[in-house]
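**Student:** So that we are looking at the same thing, I have put the structure below in structure tokens.
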Amino acid sequence: MSKNPNFQNKPKPNDDVAGVESRRAALSMMQAVQCRAQSLDQAAIDACRRLPPNDKAHAIAIIHEALRWQVDLDAMIDSKTQKILDHDAKARMVLRIALAQMLVLKTPSHAAISTALPLVEKGPRKLVHGVMGALYRDQATLPETPSLPDKALKRWSNNWGEDAIKAASKALLSPPPLDLMLKDPADHDDIMAQMQDYNPISFAKGHIRLGRGSAVEHLPGYDDGIWWVQDIAASLPARITGDGTGKTALDLCAAPGGKTMQLAAAGFDVSALDISKRRIERLAQNLKRVDLTADIVCADISKWDNETLFDIVLLDAPCTASGTFRRHPDVLQRIDKDDIDRLSEKQNALLSRAANWVKLGGILIYATCSLEREEGEDQINGFLSDHNDFILADIDEDNIPINDAVAAEGWIRTLPHMMIDKGGVDGFFAAALKRIK
């Protein structure tokens with residue numbers, strides 16, 4: 001913390017203090033996540049609508065760090081209050097935002113307090129000021145890595161063990177690196193050479209990993225449409241399919257289009273379906289930028305009237321997205337057992353529906369960016385119990401560039417401790433199911 005904070009005299013509320021509006025936007029996003037279980041991406045659209053680009057980036061940086069460190073920030077706050085504040089109390093949320101600035105973003109203490117107090121102008125200003133002053137005098141510090149919320153800690157400890165828990169905590173420290181998927185793997189060496197200023201590494205032909213901090217649209221090759229951004233774990237389901245020349249593929253829940261582009265680049269004649277018109281528009285834009293084509297359909301899977309059968313059907317099902325906690329730390333705060341159960345039921349229905357469009361001998365690929373067994377392993381075991389016309393298909397491990405990602409059961413499972421020394425991967429599940437009758 002700053003050595004000379006002004007904690008002696010309580011500042012008067014003043015919305016004209018520079019930086020208040022970015023903090024107000026951060027508070028709005030925190031309230032949306034905590035009180036309405038809204039995703040941070042959705043909350044940012046409204047909260048940052050009127051902010052200039054630099055203020056928007058600052059507001060999002062603040063809320064990301066407040067959510068990453070929320071468990072530890074809350075412990076600090078609780079140590080300095082006589083009565084434990086509700087988890088969604090405004091004073092608690094303002095304190096999280098202010099402390100995240102001081103302890104993580106290294107904002108000077110006087111700036112953090114002067115921009116925090118206007119947010120509680122008609123509320124517990126004395127409490128907020130007092131807690132921040134007490135923590136400053138104690139020279140409070142955060143642990144080496146963020147603590148996971150109890151609900152996630154219990155689920156993941158039971159399912160994946162201590163190594164995964166320690167790695168997940170370490171992974172929470174910062175956003176993940178940037179993974180690029182090349183349209184044509186034959187361009188790999190040339191693109192690697194063009195990216196030398198960004199210290200590229202690669203785990204497979206057609207993949208390049210860069211550090212964070214560079215604007216995507218300014219990277220070599222963006223305007224030429226020769227790559228797109230896609231976490232390497234998310235690329236695994238389409239890697240299962242191999243060469244698509246002369247074959248058809250149906251990509252369900254396709255937007256924003258990473259897997260659609262993979263399938264099209266592999267030679268498949270692709271139909272891409274999504275229920276959201278807005279997301280479909282983004283998918284179309286992404287395809288246009290990389291000069292790939294697909295038959296785009298905006299429809300509800302449960303109501304889609306289709307009799308065509310496909311060689312490959314890929315269902316990247318709606319899920320908790322708990323495996324993406326590195327880039328979306330809000331999922332750790334929002335997701336609970338009810339969400340997992342609700343989405344698992346939906347996934348079961350979508351998987352059974354998707355099976356209807358697979359040719360005899362064709363492959364149904366099911367995937368979720370989730371670390372919950374209910375959304376992965378349990379879904380496949382249940383599906384196979386109910387569908388004797390499908391079996392687990394073999395996955396060629398040579399096509400999977402993550403060590404130990406293919407589990408003994410024959411499906412793909414990525415966990416936080418995998419490749420942790422190389423920037424890590426999202427938590428992901430995928431299984432290939434072959435239609436045999």
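The values are calculated or read from the model by the stated rules, or taken from the named source; none is laboratory data. No experiment lies behind these values; they were computed from the predicted model shown. Please note: Cβ atoms are built from the backbone with ideal geometry, for glycine as well, and neighbour counts cover all protein chains shown. For the accessible areas, the whole protein counts, side chains as well, though only heavy atoms, and no ligand, DNA or RNA atoms are used. Shrake-Rupley method; radii C 1.70, N 1.55, O 1.52, S 1.80 Å.
**Student:** Between a residue in the range 171-194 that is among the acidic types (Asp, Glu) and any residue that is in a helix (DSSP H, G or I), which pairs come within a Cβ distance under 8 Å, given they are 6 or more apart or on different chains?
**Tutor:** Final answer for the pair search is Asp184/Ala265.
**Student:** Related question: Considering every residue within the range 250-273, establish whether at least one is at pLDDT 95 or above, open to solvent by 80 Å² or more (accessible area, probe 1.4 Å) and of a type outside the set (Phe, Trp, Tyr).
**Tutor:** yes
**Student:** In the range 418-437, how many are open to solvent by 70 Å² or more (accessible area, probe 1.4 Å) and touching a residue at least 12 places away in the same chain (Cβ under 8 Å)?
**Tutor:** Total meeting the criteria: 4.
**Student:** Next question. Restricting attention to the range 395-425, which residues are at pLDDT below 95, charged (D, E, K, R) and in contact with a Gly (Cβ under 9 Å, 6 or more places away or on another chain)?
**Tutor:** Asp396
**Student:** Now a separate question. Taking the residues in the range 3-34 that are under 19 Å from Phe325 (Cα atoms) and either open to solvent by 20 Å² or more (accessible area, probe 1.4 Å) or touching a Pro at 6+ places or on another chain (Cβ under 8 Å) (or both) as candidates, determine which candidate is modelled with the lowest pLDDT.
**Tutor:** Gln34
**Student:** Do you know which residues across the range 304-342 are of a type in the set (A, V, I, L, M) and within 27 Å of Trp357 (Cβ to Cβ)?
**Tutor:** Selection gives Leu309, Ile312, Val313, Leu314, Leu315, Ala317, Ala321, Ile340.
**Student:** Return yes or no: is Trp156 within 20 Å of Arg289 (Cα to Cα), open to solvent by less than 10 Å² (accessible area, probe 1.4 Å) and not small (Gly, Ala, Ser)?
**Tutor:** Considered against the rule, which asks whether it is within 20 Å of Arg289 (Cα to Cα), open to solvent by less than 10 Å² (accessible area, probe 1.4 Å) and not small (Gly, Ala, Ser), Trp156 comes out as no.
**Student:** Can you tell me which residues in the range 131-162 are in a helix (DSSP H, G or I) and either out of contact with any Ser or Thr (no Cβ under 9 Å at 6 or more places or on another chain) or of a type in the set (Val, Ile, Thr) (or both)?
**Tutor:** Passing the criteria: Val131, Gly133, Arg137, Asp150, Lys151, Lys154, Ser157, Asn158, Asn159, Trp160, Glu162.
**Student:** So, one more: Run Asp398 past the list (1) within 27 Å of Ile165 (Cα to Cα); (2) of a type in the set (D, E, K, R); (3) free of Cβ contacts under 8 Å to residues at least 24 places away in the same chain and report the number of the one that doesn't hold.
**Tutor:** (1)
**Student:** Any idea how many residues of the range 355-376 are open to solvent by 10 Å² or more (accessible area, probe 1.4 Å) and within 20 Å of the chain's Cα centre (by Cα)?
**Tutor:** So the answer is 3.
**Student:** For the list (1) part of a helix (DSSP H, G or I); (2) more than 19 Å from Leu178 (Cα to Cα); (3) open to solvent by 60 Å² or more (accessible area, probe 1.4 Å), I need the number of the one condition that Ser344 fails.
**Tutor:** (3)
**Student:** Could you look through the range 280-311, keep only residues that are assigned to a strand (DSSP E or B) and acidic (Asp, Glu), and pick out the one that is surrounded by the most Cβ atoms within 10 Å (Cβ to Cβ)?
**Tutor:** Top of the filtered list is Asp311.
**Student:** Does at least one position in the range 186-206 carry a residue that is under 23 Å from Ala367 (Cβ atoms), surrounded by 15 or more Cβ atoms within 10 Å (Cβ to Cβ) and among the aliphatic types (A, V, I, L, M)?
**Tutor:** yes
**Student:** Of the residues Thr115, Thr107, only one is hydroxyl-bearing (Ser, Thr, Tyr), open to solvent by less than 60 Å² (accessible area, probe 1.4 Å) and within 19 Å of Arg137 (Cβ to Cβ); which?
**Tutor:** On inspection, the qualifying residue turns out to be Thr107.
**Student:** What is the number of the single condition among (1) surrounded by fewer than 21 Cβ atoms within 10 Å (Cβ to Cβ); (2) modelled with pLDDT under 95; (3) not basic (Lys, Arg) that Ile240 does not meet?
**Tutor:** The number of the failed condition is (1).
**Student:** Just one of (1) open to solvent by 60 Å² or more (accessible area, probe 1.4 Å); (2) farther than 27 Å from Thr145 by Cβ trips up Cys48, so point out which.
**Tutor:** (1)
**Student:** Tell me yes or no: at least one residue of the range 316-325 is in a helix (DSSP H, G or I), open to solvent by 10 Å² or more (accessible area, probe 1.4 Å), touching a helix residue (DSSP H, G or I) at 6+ places or on another chain (Cβ under 9 Å) and at pLDDT 95 or above.
**Tutor:** yes
**Student:** Which residue out of Leu172, Leu142, Leu127 is surrounded by 16 or more Cβ atoms within 10 Å (Cβ to Cβ) and touching an Asp or Glu at 6+ places or on another chain (Cβ under 6 Å)?
**Tutor:** None of the others qualify; the one that does is Leu142.
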